[in-house]
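Worksheet for the structure shown next.
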């Protein structure tokens, strides 16, 4: 996107006033999306996002700017304006830039951008037909397929020899939303499986038929669901997307962006017990082709499998370059950003609670009265206090070890510190689920994951009174 | 880019009529952390969204790359988009409204104020926050962000509309600590005139807000008369405004199906859409180039109109309300700034008769805790008990659940502490007859 010579000039302009690190992040992101409404193509679009972000660090201070004008004049002007926020003398001049090499984790042969929109439309039509066919009370069905190919170039320097990284991120995601109506009762269900993979994954490996049918069935089942009770209850959380509990309740509070400034409940927790000893957790950006995986992070560091919690003890944070300086630790491949408009910071990739020993059916069998949450809409957390919330999109009552009636309008709230200690059963059925996580550096694709777990007590909010 | 060159290329390629929306912004954002500029950013955005009619169907495409390849990219994108579309009821490209109500919303004074003065303002705020002392233990951030944006709309019929505006946002967060108990509080202000900003009052309110949360517990679960702070009421009202989209109604996805002209709220509720309000949110044309006007949405509890674009208006046999919004490649519907009429009562007068109730000051997780189709919601909340007509002990980690339409029908009244929120809803605190609170 820019020449090596221009990169050299821009880096040196950025370092003119005593910056000790400069970085140029260029991006050309082509995204395509088709969307069908009740089986008919409603929209088919192609968008190009294009631009460059420049960052300069001086110790633990940073300046960042971006522009979609990648001309020499524009980039030098931006670098110079940013540099003038620092006052100091040049520490070094970048004289050469070397090309960096790294392992390709997300190998893709059949690129999604090479697949004609017509083929994606046919695929979505089959999905839509299955979802709509579940029941005549499905009054609206939106099925879409979105994919993007992001060409990235990073140029950075913190000495006389800089580095140049070229990377490609490719992702695709199927979206299914079903709306069911019975009189005035309107309910909806959503599914959104995604992968950093080629077209054959979506057509051959993904169980799209079952996903389509399940989404329609969920919307229909919600029509007869009763209101969720409110109070403090034992909650069993199904594997896969249920891992959003760890993501919200604990994951964000283990990001160095929160811990380095002492703005997290886990700021000083390394080496301390923060969870029940049966809990171990990882953030692994290296799982081939997974939704949250990357070859390198947004700063050029290779991604890693970082263990965050080992047998209940906090052993590491997710650390980006800037917050690594604050913590006195090395970055560990977790610096991410939505696009060039965002300054990168530590973020999760594929974050999960490791598998335990219990059979999921035993966990339910051993629960006398509680809630069984099988799917979530999502949630949020305030890392400083650790208070989190997440809403269940599919949940049931457990009585005497049996899963019984479905409930709707179920929200779980609590404190991350408490919930990790209150996990009293961990299943052996680890699975991952896909989502988009929003935080300081924008929306990034993440996998959440866990086996089936049980939390001895969580505050449950609903409109259904006391659980009996 | 010269729009006429795009229109010529589009016409040559068989696109019968087209429109081009060019928008962009330049922003500067400065954050302090522990007396140093911790983050400084300069942002320059620009986007072109082109739409057109090809073979009788609507197509759209966008790019941020403003070079020589842009015209070909946009023209090819429109053709591909329209060719794949199976929607045959497009209203085409709008020629233009007879009159537009343009206002100058660009403050030269704000733009000309030196950046050092703005930095010194946030330094002053940070000093005041630290000076508050115990139990304020830390200042998370003090941020100043200023944005100047432009929006230009052109179409192949010769319509040219331009809008330019700027504003600032000041944002700060503090941490209060007492033993093991940690509380945070955030607040913001925005506008076009920083000379009116009262740093003393802002800092004091922010610190007091954090300290007031100490000792927060869960109340007994149950149904309570509930005072919703204006920010909470505004968040919930946002879902009502989304549901009022004629597009959602016509697609069977709204809890306002069949409610146009009917009573949807208590008679205390009066809502007006005010896109022409002078200031940072001003807008005088919609995504189709239709002139916007201020209009009543809810009049004494009665829903006077849905929000329409030209296509949904035609389906309903109505006129467009100037609410077209082009997003995701299709011409959808969206609303602009909205105001809810406050009353003359103070907060104390409004809750004077509440024997035992709850004051909700913050909610979290509404985005996922809301069923936008039915209006049912459940989310995390915090606030205070109301006892014998007065605010009492703090509440923490409780849940608030209810239904948006029921909430509006149960509005007993508003107080007089009106505020326009950054999200584009202006309102005061609202007292609701009864809402479900989850706690102990």
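Coordinate-derived values only; no laboratory data. Since the structure is predicted, the reported quantities are computational estimates derived from the model, not experimental observations. Backbone-built Cβ (ideal geometry, glycine too); neighbour counts: all protein chains shown.
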Taking N as the number of residues in segment A:334-468, what value does Rg over Cα atoms divided by 2.2 N^0.38 Å take? 1.15
Calculate the mean, over all residues of peptide B:30-40, of how many other protein chain Cβ atoms lie within 10 angstrom of the residue's Cβ. 4
Provide the FRET efficiency to the nearest 0.05 for the residue B:344-residue B:177 pair, computing r from the beta carbons and using R0 = 51 Å. 0.80
Length added when fully stretched, residue A:84-residue A:160, from 0.36 nm per residue minus Cα-Cα: 25.3 nm
Ordered by packing density, taken as the mean number of other Cβ atoms within 10 Å over each peptide's residues, highest first, how do B:330-340, A:175-185 rank? B:330-340, A:175-185
Computed on Cα atoms, Rg of segment B:165-244 relative to 2.2 N^0.38 Å comes out at 1.44
Those residues of segment A:136-154 whose amide nitrogen sits under 15 Å from the label point placed on residue A:4, 7 Å along Cα→Cβ: A:154
Quotient of C-alpha Rg and 2.2 N^0.38 Å, computed over segment A:266-336: 1.15
√(5λ) per eigenvalue of the Cα gyration tensor, segment B:228-288, largest first, Å: 22, 18, 12
When the chain is fully extended, how far beyond the present Cα-Cα distance does residue B:295 get from residue B:120, taking 0.36 nm per residue of separation? 58.9 nm
Using every Cα-Cα pair within chain A, state what percent have a distance larger than 33 Å. 42
In the protein assembly as shown the DSSP beta bridges are antiparallel at a rate, in percent to nearest 5, of 90
The correct pair for chain B, radius of gyration to one decimal and Dmax as a whole number, both in Å and from Cα atoms, is 24.1, 74
As a footprinting exposure proxy, order A:341, A:217 by other Cβ within 10 Å, with the fewest listed first. A:217, A:341
CD proxy at 222 nm, helix term only [per DSSP H run n ≥ 4: -39500 (n - 2.57); per residue of chain A; nearest 500]: -5000 deg cm²/dmol
Most packed first (mean Cβ within 10 Å per residue), the peptides A:449-456, B:70-77, B:97-104, B:379-386 order as A:449-456, B:379-386, B:70-77, B:97-104
Could you give P(r) for segment B:6-81, binned at 5 Å from zero, as whole percent values over all Cα-Cα pairs? 3, 15, 22, 15, 10, 7, 6, 6, 5, 4, 3, 1, 0
Rounded to one decimal in Å, the inverse mean reciprocal Cα-Cα distance for segment B:307-440, i.e. its Kirkwood radius, is 17.1
Peptide A:32-45: average number of partner chain Cβ atoms within 10 Å per residue? 6
Computed over segment A:212-346, Kirkwood Rh from alpha-carbon pairs, angstrom: 17.0
Starting from the Kirkwood radius over alpha-carbon pairs of segment A:243-291, derive D by Stokes-Einstein at 37 °C in a medium of 0.692 mPa s and give it in µm² s⁻¹. 269
Once both labels are modelled 7 Å past Cα along the beta-carbon direction, what's the residue A:205-residue A:102 spacing in nm? 2.1
Counting only DSSP beta bridges with both residues in chain A, tell me the antiparallel percent, nearest 5. 90
Cα Rg, Dmax (largest Cα-Cα span) when computed across segment A:116-262, Å: 21.1, 70
Using 5 Å bins from zero, what percent of all Cα-Cα pairs in segment A:428-468 falls into each bin? 6, 15, 13, 13, 18, 18, 13, 3, 1
Alpha carbon convex hull of segment B:161-308, projected area averaged over orientations, nm²: 13.2
So what does the Cα-only Debye profile of the protein assembly as shown read at q = 0.04, 0.06, 0.08, 0.11 Å⁻¹, as log10 I(q)/I(0), no solvent term? -0.17, -0.40, -0.76, -1.71
Taking the Cα centre of each part, how many Å lie between segment A:244-312 and segment B:4-60? 36
Virtual spin-label span in nm between residue B:160 and residue B:316, 7 Å along Cα→Cβ: 3.5
For the pair residue B:387 and residue B:196, what calculated FRET efficiency results from E = 1/(1 + (r/R0)^6), where r is the Cβ-Cβ distance and R0 = 35 Å, to the nearest 0.05? 0.45
Just the Cα atoms of segment A:356-423: what Rg and Dmax do they give in Å? 13.4, 38
So what's the projected area for segment A:1-117, the Cα convex hull averaged over all directions, in nm²? 10.7
Taking the Kirkwood radius as the inverse of the mean 1/r across Cα pairs, report the Rg/Rh of segment B:296-360. 1.21
Per-residue mean of other chain beta-carbon atoms within 10 angstrom of the beta-carbon, peptide B:136-142? 2
